Structures are given as structure tokens and as C-alpha cells.
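The next block holds one structure in the form of C-alpha cells; read it before the comments.
The values are calculated or read from the model by the stated rules, or taken from the named source; none is laboratory data. As the structure is a prediction and not an experimental result, all values here were calculated from the model. Using ideal geometry, Cβ is built from the backbone for each residue, glycine included, and neighbour counts are taken over all protein chains shown. Each accessible area value is taken on the protein alone, full model and side chains, heavy atoms only, with ligands, DNA and RNA left out. Shrake-Rupley method; radii C 1.70, N 1.55, O 1.52, S 1.80 Å.
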Amino acid sequence: MTVVQVQPKEDILFQYFLDGKTHKKKSVSWRLLMVIIVGFCGLSLCFVRVGRRTLLKEAGLYGKDPVSHFHCPNILNNASNSIQLHYPRPKSYQRGECICTPVHFFVILSMQRSGSGWFETLLNDHPNISSHGEIFHRGSMQERNLNFIKRRIGEVYNLDYNSSAAKNVCTSAVGFKWMLNQGALEYHKEIISYFRKRGVSVIFLLRRNLLRRLVSILANAYDREAKLINGTHKSHVHSKQEAAELAAFKPTIKEDTLVDSFRKAVELSQNALKLFHGTRHIVIYYEDLVKNKKVCFRFITDILIFLLMLPENLLVTERSFESSSAKPCKDDHPLYYL
């Protein structure tokens, strides 16, 4: 005869509640383990992201849509390059297929009536160079403000500045013209620091013949009122006939003002060369560009190499400018008659 021991009802209930508490303890342990695993994964992702941010900062790309820039070839080598190249992200348009085209920043430091207008026409004839002219030409008090100056320069270098020189093709070098009396020397410490930080290359365009420069200044001032060319004032001529009309003006110059005028011009240019000596720069003289074809092409080659537009072993030839409106090294160029 089999005896079946019946467990009291109170014992069954006690065992049921005991098993439930054990199950709850196991559930809490699993939840705690899951929290630890998730936290560890979060910290790992954080460290990976910080490491990637550091890498992008070294490449100068942090904050500029790194996903699209990260695939550009050799972009991470830019941090160790002695000549800084940039990958701007304009606010007004998308660079599209040109997003990986590096851009070199430059500025032309010059003085009025030194051939800078013609020189910029020469640069802008290159399909990948944009030089935006005088961006501080009005001389207002606002344009003398350092914050305004930096903001305006930033617009140029970010390819957001709108002018006739702006190109829709892949710009490889972008810059502007800045006269020495338009604030470039007033804030020279801050400007030089800005240029060094952003890798801006400086082109000095000067004129040796100060007497001809003074005559050009006076002739331009006279034409502003007389409007000799078809009833309009032209600061820059574009033909031999226009040059001859302006050259016909014979100004009267007081001898006692010549020395002081020349002294101020020399001091201004020498001071600029001294202050900006620590920047990456090249010095070009107007007379060298219009001297003769051979010298002209040599200097144009030097300029394009300086702007990273040509390899060092390539020489500009006359054929390179057959379709150029500037025609820089032609014997019949109007600059030869001024």
C-alpha cells in the first residue's frame, strides 16, 4: 500500500512565494548586467567619436561635414603640408563635383595706379582662379572695423563673396585686391596672424617708376570729371586708343610736392614689405610685367607656380594666352603706352 504524503496548503503557498522572489532576484541581476553592457558600448562609441574628431581637426575638417570630405584623396595629409589647402563649403551653393578640389587662398597687396586692375584681369583669365578686386574700396568707417574686415575676407575665402570674378567651375585659388591705404597696415598684427593661421599667400604688386604712377593718379582724377572716353570715366583702359586718349592729358605738377609724395609712397611700400615679410609672399613689379615678352612670361610662370596652378617645370608660353582678353605679353598691349 502506497502512502502519499499530502503537503499542507500553507507550505505550498510558502514555496510559491519563495520561487517568485528568487525569479525576481535573477531578473534584477540580468537587468543590471544589461545596463553595464549598454554603458560600456556607449563609452566605446564616445571614445571612437572623440578620436575621429581629433583626426578631423588635424586635417582642418571638423565642423565642415566630415562625412563628405573624409573620402577626398590625400585630405588628411593636408595638416602636415607647408602650404595650406582648403575645402570650403559655401552657404549660397553646393560645390558638387568640385567638393574635393582644394582651394589656395591669396591676397594682392598693392597701391593705386600700379597696374593691379590689369593684373587681376590676367589672373581671372585662368579658369580656376578667382580674384574679386577691391573688397574694401569704399573706405567707410565700417570697413575700418577689424571684425568687419575679417568677416568680409572670410566670405571671399569661403567662396560666398559675389562678384563678376566668381566662377562656377572648380576654383583652385581665390583671393582679392587690398590697397595698402585701406586698412591692411592699420591692423597688421591681427591681419598677419590671420593670414598665417589660414595659410594666405601674399602677392606684392608695386611700381618702380613713382613719377609715372603720380601722373596716372592725376590723369585718373582729371578723367573722373572730364570723362574723356565717350563721355564716361574709365579707371582702366582696354585698348590702345583709350590709352592714347588718357595719355594725352598733361598734368601740372608742383616740384616742391614731388619729394614728399615719393617719400610717402616709398615708406608705405617698404613698411608693408617689412611687416609682411614673415608670410609666404612674392614681390612683382609692374615694369617687369610690361618690359618684354620673355620677361613677362617668366614672371607669369612664377606667379602661377606661386598660386599652385603650375608644376615647377612648366613654362607659360604665348600660346597659353591666345584667347586671353588680358593678352599680358603682347607688344601692342595698351599698358605699354602708359
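Conditions first: (1) assigned to a helix (DSSP H, G or I); (2) modelled with pLDDT under 90; (3) over 25 Å from residue 309 (Cα atoms); (4) open to solvent by 20 Å² or more (accessible area, probe 1.4 Å). Residue 151 passes all but one, so which condition is the exception?
Condition not satisfied by residue 151: (2).
Looking at this structure, is residue 221 aliphatic (A, V, I, L, M), at pLDDT below 80 and open to solvent by 30 Å² or more (accessible area, probe 1.4 Å)?
no
Name the single residue that is modelled with the lowest pLDDT among those in region 296-338 being of a type in the set (Val, Ile, Thr) and open to solvent by 30 Å² or more (accessible area, probe 1.4 Å).
317
Does region 170-183 contain at least one residue that is in a loop (DSSP other than H, G, I, E, B) and of a type in the set (Ser, Thr, Tyr)?
Yes, the conditions are met somewhere in region 170-183.
Given the structure, is residue 169 farther than 27 Å from residue 291 by Cα, surrounded by 13 or more Cβ atoms within 10 Å (Cβ to Cβ) and either under 19 Å from the mean Cα position of the chain (by Cα) or of a type outside the set (A, V, I, L, M) (or both)?
no
Given the residues 193, 164, 131, which is the only one that is in a loop (DSSP other than H, G, I, E, B), out of contact with any Cys (no Cβ under 7 Å at 6 or more places or on another chain) and of a type in the set (Gly, Ala, Ser)? Before you say what the answer is, go through the steps one by one.
On the way: 193 fails: in a loop (DSSP other than H, G, I, E, B); 131 fails: in a loop (DSSP other than H, G, I, E, B).
Matching residue, one of 193, 164, 131: 164.
Just checking, how many residues over region 259-291 are touching a residue at least 12 places away in the same chain (Cβ under 8 Å), of a type outside the set (Asp, Glu) and open to solvent by 40 Å² or more (accessible area, probe 1.4 Å)? Even if it seems obvious, please write down each step before you answer.
To start, the set of residues in region 259-291 that are touching a residue at least 12 places away in the same chain (Cβ under 8 Å) comprises 261-262, 265-266, 268-269, 271-273, 275-276, 278-287, 289-290.
Going one step further and asking which of them are of a type outside the set (Asp, Glu), we end up with 261-262, 265-266, 268-269, 271-273, 275-276, 278-286, 289-290.
With open to solvent by 40 Å² or more (accessible area, probe 1.4 Å) added as a condition, the list becomes 261-262, 266, 268, 271, 273, 275, 278, 280-281, 283, 285.
Of the residues in region 259-291, 12 are touching a residue at least 12 places away in the same chain (Cβ under 8 Å), of a type outside the set (Asp, Glu) and open to solvent by 40 Å² or more (accessible area, probe 1.4 Å).
Would you be able to say whether some residue in region 172-190 is basic (Lys, Arg) and free of Cβ contacts under 8 Å to residues at least 24 places away in the same chain?
Among the residues of region 172-190, at least one is basic (Lys, Arg) and free of Cβ contacts under 8 Å to residues at least 24 places away in the same chain, which makes the answer yes.
Which of the residues belonging to region 271-293 are of a type in the set (D, E, K, R) and more than 17 Å from residue 303 (Cβ to Cβ)? Even if it seems obvious, please write down each step before you answer.
Residues of region 271-293 that are of a type in the set (D, E, K, R), as a first pass: 274, 280, 287-288, 291, 293.
Matches in region 271-293: 274 only.
Would you confirm whether any residue within region 179-194 is among the charged types (D, E, K, R), within 18 Å of residue 110 (Cβ to Cβ) and surrounded by 15 or more Cβ atoms within 10 Å (Cβ to Cβ)? Reasoning before the result, please.
Kept after step one, since they are among the charged types (D, E, K, R), are these residues of region 179-194: 186, 189-190.
Remaining after also requiring within 18 Å of residue 110 (Cβ to Cβ): 186.
Applying the additional criterion that residues be surrounded by 15 or more Cβ atoms within 10 Å (Cβ to Cβ) yields none.
The answer is no, given that none of the residues of region 179-194 is among the charged types (D, E, K, R), within 18 Å of residue 110 (Cβ to Cβ) and surrounded by 15 or more Cβ atoms within 10 Å (Cβ to Cβ).
Determine, yes or no, whether residue 215 is over 30 Å from residue 197 (Cβ atoms) and of a type in the set (A, V, I, L, M, F, W, C).
Judged against the criteria, residue 215 is a match.
Failed condition for residue 226, given (1) loosely packed, with under 15 Cβ neighbours inside 10 Å; (2) over 19 Å from the mean Cα position of the chain (by Cα); (3) touching a residue at least 60 places away in the same chain (Cβ under 8 Å), with all others met?
(3)
Inspect region 112-121 for any residue being free of Cβ contacts under 8 Å to residues at least 24 places away in the same chain and small (Gly, Ala, Ser) and give the result as yes or no.
No, because not a single residue in region 112-121 is free of Cβ contacts under 8 Å to residues at least 24 places away in the same chain and small (Gly, Ala, Ser).
Right, residue 136: in contact with an Asp or Glu (Cβ under 6 Å, 6 or more places away or on another chain), among the hydrophobic types (A, V, I, L, M, F, W, C) and either at pLDDT below 90 or under 19 Å from residue 206 (Cα atoms) (or both) or not?
Against the criterion (in contact with an Asp or Glu (Cβ under 6 Å, 6 or more places away or on another chain), among the hydrophobic types (A, V, I, L, M, F, W, C) and either at pLDDT below 90 or under 19 Å from residue 206 (Cα atoms) (or both)), residue 136 qualifies.
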